[in-house]
Amino acid sequence: MSAEATNPGAQSRRRGRPRIDLRRLGRAALLGPVSRDRLPDAIGHVADAHRAHHPDADLAVLHRAYVLAEASHRGQFRKSGEPYITHPLAVTLILAELGAETTTLTASLLHDTVEDTEVTLDQVRAEFGAEVTYLVDGVTKLEKVDYGAAAEPETFRKMLVATGDDVRVMSIKLADRLHNMRTLGVMRPEKQARIAKVTRDVLIPLAERLGVQALKSELEDLVFAILHPEEYERTRILIAANSGTPDPLTGIADGVRGVLREAGINAEVLIRPRHFVSVHRVQLKRGELRGSDFGRLLVLVAEDADCYAVLGELHTCFTPVVSEFKDFIASPKFNLYQSLHTAVVGPGGEVAEVLIRTHQMHKVAEAGVIALGNPYAGGIGDGPQQSGDEREDPTRPGWLSRLLDWQQNAPDPDTFWSSLREELAGDSEITVFCADGHTLVLPAGASCVDAAYAQYGEVAHGCIGARVNGRLATLSTVLNDGDTVQLLLAQDAASGPSSDWLDHARTPAARIAISGWLAANPEGGKVASAAPRPQVNVPADRRGAANAVTDLPDVTVRLAGCCTPVPPDAVTGFSVRGAAVTVHRHECPAVARMKAVGRPPVEVRWGDAAACRVTLVAEAFGRPRLLADLTEAIATADAAVISATVEPPSEQRVRHTYTLQLPDAAGLPALMRAMRDVAGVYDVSRAQHPAAAG
């Protein structure tokens, strides 16, 4: 197998940026600084890459950081044989090429000193300040995590906490992992596979979340070569064979340049070869590959408006593939990515995918949060400051805030790990707007259940429904990007989620909160404990006691859901499994059925409590604002809505079912009259649901 077959990163670099010779860096590093007036040769490549993105950068601090790192690591060697200083140098070079600001590069040069040498955090703080110290400390904590066992849930939980509030820490760690993956060939095959799996499962999704496409793509290829060597080799052969044939994208690119030139649009048109994993995915999708499938056209312009001008010219002068169009400028991806995606058919029938973006968009598309510079340039104390709006702080995007929040509440490591994997596996997010002005960012596929927990936390246990875009909706309703949602909460503290909520919860925060409540309340949601509990009296011969009638204080009493008895209804009870008694109204059909099969009734009577819970059914003709008017009538009677359902309209008629908590049972007749007085309502009755005996 060729060198490129065992090192896919080399292929990527041959088609992109060149790889710096580590042995040459090692020799330069051993020589140390040649004078006090200029940078050592070993860090000269870092300086050149940094100045390409930041022409006015002060390189003095990098010089000092390199001198300290080189001196502290002197005498240490990597398993590959190079001086150890080549590792922080290579990591820093990766970040410099991506446009990282000076503080990140300084911390990168020093990222192993506190862990592996005699250098202390106090020494770093004294010489380089609080911000560099904060980043070095974060990376040092990550170094203490055993990455070989990072697939273990609790280990990664510690890693996540160690990342803290600043994703620049994770950026350094990703560059560190990339360099280690590039040099993984010196390790045993089983260790290579173990590290590659962790990279695949955790670090590549994190690179995607941070928007660092350049790191993600090369990591994907390196993992692909280790974990799927046969498929990787087939893909390598395909790419090699295609490189010896005329590229149809060349002719299409020339045509695009001519069209844009005639239109007076100043644009740069490039051919972007796909990396190995991308070619493999296209092959799985399309089967036999066409010549144009090995790359894409990239059109770079100056302004946002120019992107749409380019799109208009392409769709006018070429045949567009409409299904391939996506606008990620108007609706950026969750990881800051912006571009217009389209595809056009060339003169020879070849289909070319085209990416259209500004130069700044391209920088962010390649480097993600690394390209954003220093968000704390205005000054920093002992660490990053929190922001009230997650979108105002690019170093703590919404997904990281969610991870840091819900990891503290995960009941056990396995739940945390499974939830994390699902969170990282998601590839898109939606934005929904709450009626009270809040904005929620949720993963695609999230439901009203997820929105409730995202907005209210554990208060969402009492959620009974929602309005989506002004219309009543069930909690299982899947939300779309741009939806407006209003969550309806019960006023009863005894209410809680049911187990089927877990089927609709997409976010880890919702699932963890629901699972925790259900574990603490094994009888399930919407308990009836707040309603008045009938006192149970049992004949003496059934209790084996000498007296006529005595209360049974240890019996669990449940109010039947089929007839929802309330004071002063005449009631009777029946024993059920689990040493419990279910209470029905005398006229409930279930009472007659149970007596008919020989079930003996249990005498019950109401206690002194006046409050009650009742289920009412409102029959009405459908009209706008019917739900609002009914809930207003309910609120006027000081009743709390425990749950509410609206059946689909049938012949312009609708049925609303409300389970309500009333402060006084005596107010029930007045409440029912008030609901009947609502325009369009022709009947309000107590619920009579079919129920099995007992």
Review point. Restricting attention to segment 430-458, which residues are under 12 Å from D483 (Cα atoms) and of a type outside the set (A, V, I, L, M, F, W, C)?
Key: T431, T439, S447
Study note, to complete from the structure: Apart from one, (1) farther than 30 Å from L475 by Cα; (2) touching a Gly at 6+ places or on another chain (Cβ under 9 Å); (3) of a type in the set (A, V, I, L, M) all hold for A592; the odd one out is (2)
Revision key, fill the gap. Filtering segment 204-214 down to residues that are more than 15 Å from the chain's Cα centre (by Cα) and of a type outside the set (G, A, S) yields V212, Q213
Exercise for review: Taking A263 as the residue in question, decide whether it is more than 23 Å from A214 (Cβ to Cβ), surrounded by fewer than 20 Cβ atoms within 10 Å (Cβ to Cβ), more than 29 Å from the chain's Cα centre (by Cα) and among the aliphatic types (A, V, I, L, M).
Suggested key: yes
Review point. Out of segment 209-259, which residues are farther than 18 Å from H280 by Cα, β-branched (V, I, T) and in contact (Cβ under 8 Å) with a residue 40 or more places away in the chain?
Key: V212, T245, I252, V256, V259
Review point. If only one of G346, G287, G295 is closer than 21 Å to N242 by Cβ and in contact with a Pro (Cβ under 6 Å, 6 or more places away or on another chain), which one is it?
Key: G295
Practice item. Please verify whether segment 522-536 includes one or more residues that are at pLDDT 85 or above, of a type outside the set (S, T, Y), in a loop (DSSP other than H, G, I, E, B) and in contact with a strand residue (DSSP E or B) (Cβ under 9 Å, 6 or more places away or on another chain). Key: no
Exercise for review: Please verify whether segment 275-289 includes one or more residues that are part of a loop (DSSP other than H, G, I, E, B), touching an Asp or Glu at 6+ places or on another chain (Cβ under 7 Å) and either of a type in the set (F, W, Y) or under 28 Å from L215 (Cβ atoms) (or both).
Suggested key: yes
Check your understanding: Quick one: which of L121, L62, L95, L68 is of a type outside the set (D, E) and closer than 19 Å to L174 by Cβ?
Key -> L95
Check your understanding: In segment 330-358, what residues are part of a strand (DSSP E or B), without any contact (Cβ under 8 Å) to a residue 24 or more places away in the chain and of a type in the set (A, V, I, L, M)?
Key -> A343
Review point. Can you name every residue in segment 80-111 that is in a helix (DSSP H, G or I) and free of Cβ contacts under 8 Å to residues at least 40 places away in the same chain?
Key: P88
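The values are calculated or read from the model by the stated rules, or taken from the named source; none is laboratory data. Quick caveat: nothing in here was measured; it's all calculated off a predicted structure. Reconstructed Cβ throughout: ideal geometry from the backbone, glycine too, with neighbour counts over all protein chains shown.
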